[in-house]
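S.K.: My questions all concern the structure below.
Taken together, the values in this text are just the output of simple stated rules run on the coordinates, not laboratory data. The structure displayed is predicted, hence computed values, not measured ones. Cβ placement follows ideal geometry from the backbone for every residue including glycine, while neighbour counts extend to all protein chains displayed.
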Amino acid sequence: MDITKFSAGDAVKQIKNKEISVLELTDSYLNRIKEVDDRVKAFIQVDAEGARARARELDGSTVNELGGGLPIAIKDNINLIGAPTTCASKILKNYRPVYNAHVIEKLIRGDAVFIGKTNLDEFAMGSSTENSSFGPTHNPWDIERVPGGSSGGSAAAIAAREALWAIGSDTGGSIRQPAAFCGVVGLKPTYGLVSRYGLVAFASSLDQIGPITKTVDDSALLLSIIAGHDRRDSTSLDYEIPDYLANPNSNLSDLKVGLPIELFSESFDEGVKVSVKKAIEILEKKGAKIEETSLSSIEYALSTYYIIAPAEASSNLSRYDGVRYGFRSNDNSDIIEMYKDSRSGGFGQEVKRRIMLGTYALSAGYYDAYYGKAQKVRTMIIEDFKSAFSKYDVLISPTTPTTAFKKGEKTSDPLQMYLSDICTIPANLAGIPAISIPCGLSDNLPVGLQIMADHYGEATLFKVAKELEEEIGFSDIPEL
C-alpha cells in the first residue's frame, strides 16, 4: 500500500482509526522526497528531523481531527520559525524569520507536520519557477517542462507525491497556473479571507495565500484550517467562515454559468479548448444553464496588472538594501554604492525588471498616466465582475492558454511569459475567489479548468468543482 497516494481526507481517517501513525505517514513522504526530488527539485529545504520529531509528538497525543498529523509543504515566501525564508532570492540568503505567519500559527494549532519549504520564482515574480536562485523546479509530468509559477515548487511537490498538501501564494495566478500545469487542485481565496501576515509581500493589494492539494475536498479542508480574521493584517476580512466541508446539494439544475468570451481565445492550444469544452458539456448535462458572456474590460487586465503589481513590488522591495539583513555587497567606498551593489547583486533579472517598471510607473510625471489610470481600469474590471455575478453563479474558463511549456522556451521573451497568466490575472484584480481543477490531458500533459465566483463564494466553487471532479474522474499521476 503506497500511502503517498492517499488524499488528505483518507489520511485523516486512517490516523483517526489508528490504521497508520503520523510518523509512518510522515516517513512515507520523506522517503518519497529522497527518491524523486533530485529530479523534480520541488524543495529548497527539507526538515526531516523536525518533521519526524513533530510526528512522534503527535502520535503520543490526541490529534486534531480536522487535518492533524498531515505532512504539509510551505512555499518559501511564508515565515516559519526554524526554517529560512529566502523567497528563492540571493538577497535573503540565510535569513531566518523571528515570527510565524498567521497561516503557520493556524496550521500549528491544527497539528500539521511541516516537512519543508518549496521553491518559487524569486519573490513570487514569474510563471515558470525558473527565476530562482536555487535553480528551476521541473514538472513531474515531463521534467523537460516547467511546473508553472510562482508556486511551482508547491504544485510539483503535490503532483510528485512529495507532500500530502501544500501552501502557495497567488498574485496573478501563482497558485492556479502551476496547479493546472501539474494536474492538481489550486485555490485562490477571496482577497482577505486568509491573512497575509508573515507572507513576504510582492503586490499587497493582489497577494493571497491559498491551498494546493490533490482533490477538491482536500482544498476545502485546508481552507477551513487557514482561513479566518487576523487583526495584524489590515486587509483581513472579519467574516464568519462557513463549513466548507458540508456536503452541499449536488443538484446543478439551478446553476447559471457564464463563459467570458475574452477568456476563450482561438489562439489557445487546441487540446486545452477540447478538454475545457468537455467539462462544460458535463455541467450542461447536469442541468446547468450555460451562456456566453462578455467582460469587456478584461481585455485590459494584463496591462493593468503589469502596472499595478510592479509598482507595488518596487515599493515593497525597497526594504532590501543590504543594511539590516540578507545579502550585502562588500568593499564599497560609500553607503550609496553599497545599496546599489547589494541590490544589483542580490536581485535576479526578473525582479530587477519589475522594480524598474514599477518605479517608472510611480515616478513624477508618470504616476497619473500609468498607475492612476491602471487603478481606474481595475475599478472597471471589478464592476464588470459585479455585473456578471448578478446574472451567473460562476464563470468558467481555461486556467491557462497552453499546457506546460518547455524549460527556457519563454525566458528570453518576458511578454510571452506574462501571457501565461492572461486567464488568471482578472480574478486577482477583482479580489474574487477562483479554483483550478484538472479536466483532462493534452499530449499527456494536464489541462486546468478555472471556476470563478463572487466574493465569499468559495462554497459554490467547491460544490461545482467537486461535481466536475467526480464526473471527469481525473486520476492520472505522473510516472517518475
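S.K.: Can you put Glu467, Glu122 in order, fewest other beta carbons within 10 Å first?
M.R.: Fewest-to-most ranking of Glu467, Glu122: Glu467, Glu122.
S.K.: For Thr62, Thr4, Thr137, what ranking results if the residue with the fewest other Cβ atoms within 10 Å of its Cβ goes first?
M.R.: Thr62, Thr4, Thr137
S.K.: Can you give me the relative contact order of the chain as a percent, contacts being Cα pairs under 8 Å and 6 or more apart?
M.R.: Over the chain, the number comes to 18 percent.
S.K.: Something else now. Tabulate in residue order the Karplus-calculated ³J(HN,Hα) for region 82-96, using 6.51 cos²θ - 1.76 cosθ + 1.60 with θ = phi - 60°, rounded to whole Hz; enter x for Gly and Pro.
M.R.: Here the 3J(HN,Hα) series is x, 10, x, 10, 9, 6, 6, 10, 4, 5, 10, 4, 6, 6, 10 Hz.
S.K.: Right, next: Once you've got the Cα coordinates, tell me which of Lys16/Lys466; Lys90/Lys386; Lys106/Lys256; Lys34/Lys466; Lys277/Lys410 are over 30 Å apart.
M.R.: Violating the 30 Å Cα-Cα cut-off are Lys90/Lys386; Lys106/Lys256; Lys34/Lys466.
S.K.: Oh, and also: State the Cα centre-to-centre distance between region 236-301 and region 73-127 in whole Å.
M.R.: 32 Å
S.K.: A follow-up question, please. Taking only the alpha-carbon positions of the chain and ignoring solvent, what does the Debye formula give for the base-10 log of I(q)/I(0) at q = 0.08 Å⁻¹?
M.R.: -0.43
S.K.: A further question on this structure: For region 345-422, report the translational diffusion coefficient in µm²/s to the nearest whole number, using Stokes-Einstein at 4 °C, 1.567 mPa s, and a Kirkwood Rh over Cα pairs.
M.R.: 81 µm²/s
S.K.: Could you tell me which of rounded, prolate or oblate describes region 22-120, using a ≥ b ≥ c as the square roots of the eigenvalues of the alpha-carbon gyration tensor, with rounded for a/c under 1.5 and, failing that, prolate when a/b is larger than b/c and oblate otherwise?
M.R.: Note, shape of region 22-120 comes out oblate.
S.K.: Which aspartates and glutamates, on any chain, are close to Lys273 with Cα under 14 Å apart, when same-chain ones fewer than 8 places away are left out?
M.R.: Output for Lys273: Glu262, Glu281, Asp443.
S.K.: Under 4 °C and 1.567 mPa s, how fast does region 322-389 diffuse according to Stokes-Einstein, given a Kirkwood radius computed over C-alpha pairs? Answer in µm²/s, whole number.
M.R.: 87 µm²/s
S.K.: Can you report the principal axis dimensions of region 1-79 using only the alpha carbons, biggest first, rounded to whole angstrom?
M.R.: Taking the Cα atoms of region 1-79, the three principal extents are 35, 31, 20 Å.
S.K.: How much of the calculated P(r) for region 282-404 lies past 23 Å, in percent of all Cα pairs?
M.R.: The calculated P(r) of region 282-404 puts 55 percent of pairs beyond 23 Å.
S.K.: Enter the Cα centre distance for the pair region 178-214 and region 353-392, rounded to the nearest angstrom.
M.R.: Using only Cα atoms, the two centres lie 21 Å from each other.
S.K.: If you don't mind, another one. State the three equivalent ellipsoid semi-axes of region 305-349, derived from the C-alpha gyration tensor as the square roots of 5 times its eigenvalues, in descending order and whole Å.
M.R.: Working from the Cα gyration tensor, I get semi-axes of 23, 10, 9 Å.
S.K.: Here's a follow-up. Would you mind ranking Lys277, Lys376 so that the residue whose beta carbon has the fewest other beta carbons within 10 Å leads the list?
M.R.: Arranged by neighbour count, lowest to highest, Lys277, Lys376 become Lys376, Lys277.
S.K.: Identify all lysines with a Cα-Cα distance to Lys93 below 21 Å; exclude those on the same chain that are fewer than 8 residues away in sequence.
M.R.: Lys41, Lys75, Lys117, Lys340, Lys352
S.K.: I need the trypsin sites (Lys or Arg not before Pro) found in region 1-98, filtered to DSSP loop residues with at most 11 other beta carbons within 10 Å of theirs.
M.R.: Lys18
S.K.: With a point put 7 Å past each Cα toward its Cβ, work out how far Val323 is from Glu284 in nm, to one decimal.
M.R.: 6.2 nm
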